1. Under a point spin-label approximation (7 Å from Cα along Cα-to-Cβ), what is the residue 62-residue 171 distance to one decimal in nm?
2. Between residue 50 and residue 92, what is the label-to-label distance in nm when each label sits 7 Å out along the Cα-to-Cβ direction?
3. Nearest 500 deg cm²/dmol is fine: what mean residue ellipticity at 222 nm does the chain get from its DSSP H runs of n ≥ 4 alone, each adding -39,500 (n - 2.57), divided by its residue count?
4. Just checking my list (i) 48, 16, 13; (ii) 37, 19, 15; (iii) 23, 20, 16 against semi-axes √(5λ) of the Cα gyration tensor in Å computed from this structure; which label fits?
5. Set the Förster radius R0 to 45 Å, insert the Cβ-Cβ distance between residue 22 and residue 109 as r into 1/(1 + (r/R0)^6), and round the FRET efficiency to 0.05.
6. For the range 93-205, what is the Kirkwood estimate of the hydrodynamic radius, computed as the reciprocal of the mean inverse distance between distinct Cα atoms, to one decimal in Å?
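All of the numbers you see were taken from the coordinates with simple rules; none came from a lab. For clarity, every value in this text was computed on a predicted model and none was experimentally measured. Here the Cβ positions follow ideal geometry from the backbone for every residue, glycine too, while neighbour counts run over all protein chains shown.
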């Protein structure tokens, strides 16, 4: 497994695939479910780089559904959404809507199993934005921020999503409805210490 991770870091994808498959052949000691999950992540990356995108996605979906090692499950969820949103962007009409709905439903299952995971709410916010359900996207982004996010990069991306939603809602709402929504956003951004609804505290002049 470790050899495969090193080979993946060096982008030696065929060698990495061989190492991960060898790890599965040899098996994992009792209590090493984390190692199995990490190996699956590595294998999926190798498969994707070698052009087997459907097999890579199948491995990721299995991790999203069954991984017991939370860091592996979080990374699998991130990759699942990245792959899914990229694929959906190449579709039109009902096919695109159906693909985005499937991603949202799978994320909602993850949230049902672990509501306190802010990262899942962050991923759902991103997905709902692609579905153009901006109010739902805003709500999920707020929950994500309140529950906490794993890195400063993700936190800032979540904040940028809130700003993006505000600009979209201003264009879509009537003047009275926009004033109500602007006040809603303002209540949260003041709580977070933002300069205004478009300027997070981390953004420098």
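1. 4.2 nm
2. 3.6 nm
3. Details: 10 runs with 159 residues, N = 205.
Computed ellipticity for the chain at 222 nm equals -25500 deg cm²/dmol.
4. Evaluating semi-axes √(5λ) of the Cα gyration tensor in Å on these atoms matches (ii).
5. Values: r = 32 Å, r/R0 = 0.72.
In this case the efficiency is close to 0.90.
6. For the range 93-205, inverting the mean 1/r across all distinct Cα pairs yields 14.6 Å.
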